[in-house]
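Asker: Below are the structure tokens for one structure; questions will follow.
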Amino acid sequence: MVIVEGTTVGHKNQYNRYVTRKPHYIAIAAVTLDGKIGANEKHFSNWTSKEDKKFMRALLDTCDVIIVGNNTYKTALKPLSKRNCIVLTRSIKTTKKVSEKLLYLNTRSANLKKTIQKTGYKKIAVLGGAQTYSYCLEHGMLDDLYLTIEPVIFGSGVPLFAGKFKLRKTKILSVKKLNKTGTLLVHSVFRQT
Ligand SMILES: NC(=O)c1ccc[n+]([C@@H]2O[C@H](COP(=O)([O-])OP(=O)(O)OC[C@H]3O[C@@H](n4cnc5c(N)ncnc54)[C@H](OP(=O)(O)O)[C@@H]3O)[C@@H](O)[C@H]2O)c1
């Protein structure tokens, strides 16, 4: 991956540190202290702090498109309908373009990576949920992870990543406290193998 640091293109803000020749994939997620992203697959993320929401919106504003699973898309239709989205679903054969902003795609028969390369999207937000984070991790489509840790506990629920895969090493680049209750923002990068 070619990374030129200190250059800004497009939206000029603190998150746009990279100029990449190939698409750059950024996972954005919030977890509880016990590592869950939701209490169940239909759970809307209304439990995160306002500081996390502000951070997430600002980061999404710098991205060209969002990859999101159909379960998560259904829980957040209203906010996501304003943004370019590729929604993963097995309920269609290959791809279905619903509008300028919305494409449904089935990875069993359509190549997600190639679709993104063809469209020319350069900065891609991977917004989950667990199945979608896992698919992107397993297919070399995760470069950075912005993980917010909220000081709440669910006990049971949906983990950040689902399924079994080999050990992945990441490097934590920064940790920042976002508010007085101790919400933490961890920025880590994946080593592509
Ligand atoms: N806290 C956070 O940061 C955060 C972020 C995102 C989501 N969440 C939470 O995560 C939960 C949902 O997670 P989840 O893992 O159940 O669902 P998900 O990844 O959002 O969606 C799963 C669905 O996406 C489709 N899908 C997944 N992988 C696919 C593939 N490779 N090819 C084609 N279609 C694919 C399937 O849809 P069909 O059934 O239509 O075939 C599948 O049922 C919710 O509670 C949500 O609130 C939390």
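Asker: Could you tell me how many of the residues in segment 63-103 are without any contact (Cβ under 8 Å) to a residue 40 or more places away in the chain, open to solvent by 50 Å² or more (accessible area, probe 1.4 Å) and either within 8 Å of the ligand (Cβ to nearest atom) or not polar (S, T, N, Q) (or both)?
Answerer: 14
Asker: A further question follows. Yes or no: segment 108-127 includes at least one residue that is in contact (Cβ under 8 Å) with a residue 40 or more places away in the chain, open to solvent by less than 30 Å² (accessible area, probe 1.4 Å) and assigned to a loop (DSSP other than H, G, I, E, B).
Answerer: Among the residues of segment 108-127, at least one is in contact (Cβ under 8 Å) with a residue 40 or more places away in the chain, open to solvent by less than 30 Å² (accessible area, probe 1.4 Å) and assigned to a loop (DSSP other than H, G, I, E, B), which makes the answer yes.
Asker: Follow-up. Please work out if E150 is out of contact with any strand residue (DSSP E or B) (no Cβ under 9 Å at 6 or more places or on another chain) and within 19 Å of T72 (Cβ to Cβ). It would help to see each step written out before you state the result.
Answerer: Numbers: out of contact with any strand residue (DSSP E or B) (no Cβ under 9 Å at 6 or more places or on another chain): no; within 19 Å of T72 (Cβ to Cβ): yes.
Judged against the criteria, E150 is not a match.
Asker: A further question on this structure: Could you please tell me which pairs satisfy a Cβ distance under 8 Å, a separation of 6+ or placement on different chains, a first residue in segment 24-42 that is under 30 Å from K114 (Cα atoms), and a second residue that is of a type in the set (F, W, Y) and within 9 Å of the ligand (Cβ to nearest atom)?
Answerer: Here the result reads A27/Y133; A29/Y133, each pair linking segment 24-42 to a residue that is of a type in the set (F, W, Y) and within 9 Å of the ligand (Cβ to nearest atom).
Asker: In segment 40-62, which residue that is within 7 Å of the ligand (Cβ to nearest atom) and not polar (S, T, N, Q) is most open to solvent (accessible area, probe 1.4 Å)? Even if it seems obvious, please write down each step before you answer.
Answerer: In the first step, residues of segment 40-62 are kept if they are within 7 Å of the ligand (Cβ to nearest atom); the result is 40-45, 48.
From what is left, the residues that are not polar (S, T, N, Q) are 41-44.
Working: E41: 120, K42: 163, H43: 52, F44: 96 Å².
Looking at the filtered set, the residue picked out is K42.
Asker: Restricting attention to segment 16-35, does a residue exist that is open to solvent by 40 Å² or more (accessible area, probe 1.4 Å) and either within 15 Å of the ligand (Cβ to nearest atom) or of a type in the set (S, T, Y) (or both)?
Answerer: First, pick out the residues of segment 16-35 that are open to solvent by 40 Å² or more (accessible area, probe 1.4 Å): 17, 19, 21-22, 33-34.
Those left that are additionally either within 15 Å of the ligand (Cβ to nearest atom) or of a type in the set (S, T, Y) (or both): 33-34.
Yes - at least one qualifying residue is present in segment 16-35.
The values are calculated or read from the model by the stated rules, or taken from the named source; none is laboratory data. Because the structure is a prediction, the values reported are computed rather than measured. So basically every Cβ, Gly included, is an ideal-geometry build from the backbone, and we count neighbours across all protein chains shown. To get the accessible areas, we keep the full protein, side chains included, count just its heavy atoms, and leave off ligands, DNA and RNA. Shrake-Rupley method; radii C 1.70, N 1.55, O 1.52, S 1.80 Å.
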